[in-house]
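Written below as structure tokens is the structure these notes are about.
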Amino acid sequence: MREHGAVSQPVAVIVAFARDYPGGGFTIDDEPGSTLTLLLVVRNELEACDPTQIPQLDEFIPQAYRVR
């Protein structure tokens, strides 16, 4: 069983990053990334892990990119 807050703490960091750097870009393993791609990947992972955290991310994801 995972520890309480195990998911919410990292999600809070990602939400803070999205709030502070909405158009941010970065590189991971020589691949370009952006705040939007980070949010989409994390959102996808949360669907199986902890869907209760998704609304926090959706606030920063444009409607056109949200999965329904």
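Report, by residue number, each residue of the stretch 2-11 that is open to solvent by 50 Å² or more (accessible area, probe 1.4 Å), under 13 Å from the mean Cα position of the chain (by Cα) and not polar (S, T, N, Q). Hit for the stretch 2-11 is Pro10, nothing else. For the stretch 16-32, the tally of residues that are within 16 Å of Phe60 (Cα to Cα) and not basic (Lys, Arg) stands at 9.
What about Ser34, is it among the hydroxyl-bearing types (Ser, Thr, Tyr) and touching a Phe, Trp or Tyr at 6+ places or on another chain (Cβ under 8 Å)? In short, yes. Each residue in the stretch 17-57 was checked for being within 11 Å of the chain's Cα centre (by Cα), open to solvent by less than 30 Å² (accessible area, probe 1.4 Å) and free of Cβ contacts under 8 Å to residues at least 12 places away in the same chain, and 1 pass.
Within the stretch 16-32, can one find any residue that is among the hydroxyl-bearing types (Ser, Thr, Tyr) and over 20 Å from Ala64 (Cα atoms)? The answer is yes, given that some residue of the stretch 16-32 is among the hydroxyl-bearing types (Ser, Thr, Tyr) and over 20 Å from Ala64 (Cα atoms).
The values are calculated or read from the model by the stated rules, or taken from the named source; none is laboratory data. Nothing here was measured: the structure is a model prediction, and the numbers come from that model. Here the Cβ is made from the backbone with ideal geometry for all residues, glycine too, and neighbour counts use every protein chain on show. Please note that ligands, DNA and RNA were not included when accessible areas were found on the heavy atoms of the full protein model with its side chains. Shrake-Rupley method; radii C 1.70, N 1.55, O 1.52, S 1.80 Å.
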